[in-house]
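A.B. asks: Take a look at this one; I'll ask things after.
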2 protein chains.
Amino acid sequence: MLSIGDLSRRTGVKVPTIRYYEQMGLIEAAERSEGNQRRYERDDLERLAFIRHARDLGLDIPAIRELIALSQHPSEPCADADRIAADHLAAVREKIQRLKKLEQELERIVSHCDGGHSIEECYVIRALSDHRLCEGEH
Amino acid sequence: MLSIGDLSRRTGVKVPTIRYYEQMGLIEAAERSEGNQRRYERDDLERLAFIRHARDLGLDIPAIRELIALSQHPSEPCADADRIAADHLAAVREKIQRLKKLEQELERIVSHCDGGHSIEECYVIRALSDHRLCEGEH
DNA sequence: GATAAATGCTCTAGTTACTAGAGCTTCAAG
DNA sequence: CTTGAAGCTCTAGTAACTAGAGCATTTATC
């Protein structure tokens, strides 16, 4: 039997976050001690580690909820689980592409400015004021 | 004299967002018509375009506030403006690095699964359940 | 000049995934 | 048996908007 603090230490998920996940329905409401404190078992530890891992990979709560539901039907085909992961991968790739464009634009703006002159002539400010100074679209 | 809708159309910033920026102090409270509607001029158009552009580049509101304040002292040195942009560039680069790690891990997980078997054997679910199946740290 | 549609106003609340804090209770160690 | 750590619930705050209610004004048409 683990207290919420034990569970927290073992999974790296903060105590209030565990309670939040319970509220969101990602983990079942734990049994309680006589004094109304949450008590957990090995199963909960595994479930929470699963959630933690999925969150670290950037999956959002609805996606995790769905994966948990799927994992409770071991004999069903796994196409849905695969799709969730693949969709997320696509989203991550898109985000990277968008950020790379930003990186380029910022790089260009920053490289025109060495911080050694006045605001009036500052390329950073000028570039922000005038979109025409940009190369790509964003 | 432009209405808030005119301003919105010309800058691509939605009407409620313009009001929000006013509330946040990014643009000055506009003059009002007799019937209490906001009326804007060319200056406001430029200011809002500046904000829009900075937001598109991913700068947050405190940073934009600071840039606006700086831009109002044209003869000061521009080191601060340069620093804001450079810091943001660094943050963007970090985010890209983090996402690339995620991309790799997800790629690996997804590539092990073709959606054609059962949840029980599904690599997506197994990988999430067991962090030891991962290659990098995340 | 009347009327109706479009636009504008303010205010409140919702979004995501937590985090912080208040005020109180329970647990574990000595 | 005391005391300090840990736990409990509940509310509110974060970032940058977005949605909607309920009402007022403006503009175009007749």
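A.B. asks: Less than 27 Å apart at the alpha-carbon level, and either on another chain or at least 8 residues along: which lysines does that give for residue B:101?
C.D. replies: Partners found: A:14, A:95, A:100, A:101.
A.B. asks: I've got another one for you. Averaged per residue, what accessible surface does chain A expose to a 1.4 Å probe, in Å²?
C.D. replies: Roughly 58 Å² per residue, with all protein chains present.
A.B. asks: Work out from phi, with θ = phi - 60° and the Karplus expression 6.51 cos²θ - 1.76 cosθ + 1.60, the ³J(HN,Hα) of each residue of region A:84-94, listed in order in whole Hz, and give x for Gly and Pro.
C.D. replies: 4, 5, 5, 4, 5, 4, 4, 5, 4, 5, 4
A.B. asks: For chains B and A, what's the summed buried accessible area, probe 1.4 Å, to the nearest 100 square angstrom?
C.D. replies: Looking at B and A, the buried total is near 4500 Å².
A.B. asks: Per residue of A:56-65, what is the mean number of Cβ atoms on other protein chains within 10 angstrom of that residue's Cβ?
C.D. replies: 3
A.B. asks: Expressed in nm to one decimal, what extension gain is obtained for the pair residue A:56 and residue A:133 from 0.36 nm per residue of sequence separation less their Cα-Cα distance?
C.D. replies: Fully extending the segment from residue A:56 to residue A:133 adds 23.9 nm.
A.B. asks: Where does helix B:61-71 land angle-wise versus the long Cα axis of chain B, in degrees 0 to 90, nearest 10?
C.D. replies: Between the helix axis and the principal axis of chain B, the angle is about 40 degrees.
A.B. asks: On to the next question. Quick one: what are the phi-derived ³J(HN,Hα) couplings along region A:98-104, Karplus 6.51/-1.76/1.60 with θ = phi - 60°, whole Hz, x for glycine and proline?
C.D. replies: 4, 5, 5, 4, 4, 4, 4
A.B. asks: Could I ask something else about it? What is the extension gain from residue A:31 to residue A:46, computed as 0.36 nm multiplied by their sequence separation minus the C-alpha to C-alpha distance, in nm to one decimal?
C.D. replies: That pair, residue A:31 and residue A:46, stretches by 3.8 nm at full extension.
A.B. asks: Sort out for me the Cα centre separation of region A:45-75 from region B:1-77, rounded to whole Å.
C.D. replies: Their Cα centres are 43 Å away from one another.
A.B. asks: Along Cα-to-Cβ, 7 Å out, sits the label point; list in nm, shortest first, how far the one on residue B:3 is from those in the other copies.
C.D. replies: Listed shortest first, these distances are 6.3 nm.
A.B. asks: Per the 1.4 Å probe, what fraction of the accessible area of region A:92-133, in percent, lies on carbon and sulfur atoms?
C.D. replies: 44
A.B. asks: Each residue of region A:118-127 in turn: what ³J(HN,Hα) in whole Hz from Karplus with 6.51, -1.76, 1.60 and θ = phi - 60°, glycine and Pro shown as x?
C.D. replies: 8, 3, 4, 9, 5, 5, 4, 5, 5, 5
A.B. asks: Please flag any cysteine in chain B that has no other cysteine's Cβ under 4.7 angstrom from its own Cβ.
C.D. replies: Cysteines lacking a close Cβ partner in chain B: B:113, B:134.
A.B. asks: Hey, another quick one. When you count, for each residue, the other Cβ atoms within 10 Å and take the mean per peptide, how do A:53-61, B:120-128, B:24-32, A:95-103 rank with the highest first?
C.D. replies: The packing order, highest mean first, is B:120-128, A:53-61, A:95-103, B:24-32.
A.B. asks: Would you mind giving the mean number of other chain beta-carbons within 10 Å of the Cβ of each residue in B:103-116, as a whole number?
C.D. replies: 5
A.B. asks: If the label for residue A:97 sits 7 angstrom from Cα along the Cα-to-Cβ line, what are its distances to the same label in every other copy, in nm to one decimal, shortest first?
C.D. replies: 2.5
A.B. asks: Partner chain Cβ atoms within 10 Å, averaged over the residues of A:70-83 - can you pull that number for me?
C.D. replies: Taking the mean over all residues of the peptide, I get 6.
A.B. asks: Can you tell which of A:133, A:123, A:104 lies farthest toward the positive end of the dipole of region A:92-133, using +1 and -1 charges on the Cβ of basic and acidic side chains (Lys, Arg; Asp, Glu)?
C.D. replies: A:104
A.B. asks: As a check on your grasp of the helix formula, calculate [θ] at 222 nm for chain B: sum -39500 (n - 2.57) over DSSP H runs of n ≥ 4, divide by the residue count, round to the nearest 500.
C.D. replies: Per the formula, -19500 deg cm²/dmol.
A.B. asks: Sort shortest first the distances from residue B:20 to its counterpart in every other copy, using label points 7 Å along the Cα-to-beta-carbon line, and give them in nm.
C.D. replies: In ascending order, 2.0 nm.
The values are calculated or read from the model by the stated rules, or taken from the named source; none is laboratory data. Just so it is clear, the model here is predicted, and its values are computed rather than measured. Cβ atoms come from the backbone with ideal geometry, glycine included; neighbour counts cover every protein chain shown. Please note that ligands, DNA and RNA were not included when accessible areas were found on the heavy atoms of the full protein model with its side chains. Shrake-Rupley method; radii C 1.70, N 1.55, O 1.52, S 1.80 Å.
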